[in-house]
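Structure, as structure tokens:
What follows draws every value from the coordinates through simple rules; no lab data is involved. Bear in mind that the values here come from a model prediction, so they are computed numbers and not experimental data. Counting neighbours? That spans all protein chains shown, and the Cβs are built from the backbone with ideal geometry, glycine included.
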Amino acid sequence: MFDFTGKVAVVTGGARGIGKCIREQFERAGAKVCVIDLLENDCFVGDLADKETLERFAQRVIAEYGHVDYLINNAAPCMRGVTEGSYEEFEYALKVGVTAPFYLSKLFAPHFAPGAAIVNISSSRDRMSQPETESYTAAKGGISALTHALAVSFAGRVRVNAISPGWIETGSTVYEGPDAVQQPAGRVGNPPDIANMVLYLCSELAGFITGENICIDGGMTRQMIYHGEHGWTLAE
């Protein structure tokens, strides 16, 4: 469906899960993909929370390809709560989830090709929460806000959008029953649900879309839940 022949895509956190699927989809569409991840991969292994690592990675990408067409800020921050989470853990989550996307956008700014796009992977947790998720939720809220700020700063040069995934199963588990039907779409999401939207937002088909945050959660955040209604009950 998409043709990205000759394009260069950068994917953070691209060694597994959603990021790996994004990389594979881009490669199938003909793009050259540069990955940075803490996990072993064939491009660049490094910690996104480290400023010098980001600089070395960006220098390597530009030295090899000369430009960047698409930056996908996908790497996930750690999830620590207010009870047990430390100052250092919270700070680390923000470095991975917000500071790194900002700094990579800045480093690549002089090298974005015409028609370039940034896609930030946020989360439906940028608008809803579970207990003890403060570091992850704060980072996802931060990248959602960063998205529209960058869209305005890069106006006319780079389109910037975000995707907020809901429950995405990145393993092999097949969910049925309540786990599936609690989502209006009737199932748990999978990585291609997100990767397909990433490629769409990077394509010319999305040329009039910037500053947006698209929630892909099977309708979960649109469903009102009240104890005792429509079969929903709260187990205390």
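Data table
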item	result
Most positive-pole-ward Cα, MET224, PRO131, ILE194, against dipole of region 87-233 from beta carbon charges	ILE194
Summed residue charge, Cβ within 9 Å of SER124's Cβ, Lys/Arg positive, Asp/Glu negative	+1
Loop GluC sites (Glu not before Pro), region 106-175 (other Cβ atoms within 10 Å of the site Cβ: 16 or fewer; DSSP)	GLU132, GLU169
Total formal charge among the other residues, if their Cβ is under 15 angstrom from that of TYR175, Lys/Arg +1 and Asp/Glu -1	-4
Sorted by Cβ density within 10 Å, fewest first, the residues ASP42, ASP50, ASP69, ASP193	ASP42, ASP50, ASP193, ASP69
Within the chain: Cβ-based charge dipole about Cα centre, in debye rounded to nearest 20 (Lys, Arg +1; Asp, Glu -1)	760
Coil-residue GluC sites (Glu not before Pro) of region 5-68, DSSP, other Cβ within 10 Å capped at 10	GLU40
Net +/- balance of residues flanking LEU107 in space, Cβ distance below 13 Å, scoring K and R +1, D and E -1	+2
Shape call, region 23-110: gyration tensor on alpha carbons, a/c limit 1.5	prolate
Protection-proxy order for peptides 109-121, 215-227, each taking the mean of Cβ atoms within 10 Å per residue, highest first	109-121, 215-227
Cα gyration tensor shape of region 114-205, rounded if a/c is under 1.5, else prolate or oblate by comparing a/b with b/c	oblate
In range of the label at THR170: residues from region 40-68 whose backbone nitrogen is under 20 Å from the point 7 Å along Cα→Cβ	40-50, 54
Estimated 222 nm signal from helices in the chain, with DSSP H stretches of n ≥ 4 weighted -39500 (n - 2.57), rounded to 500	-10500 deg cm²/dmol
Exposure proxy order (Cβ contacts within 10 Å, fewest to most) of ILE168, ILE72	ILE168, ILE72
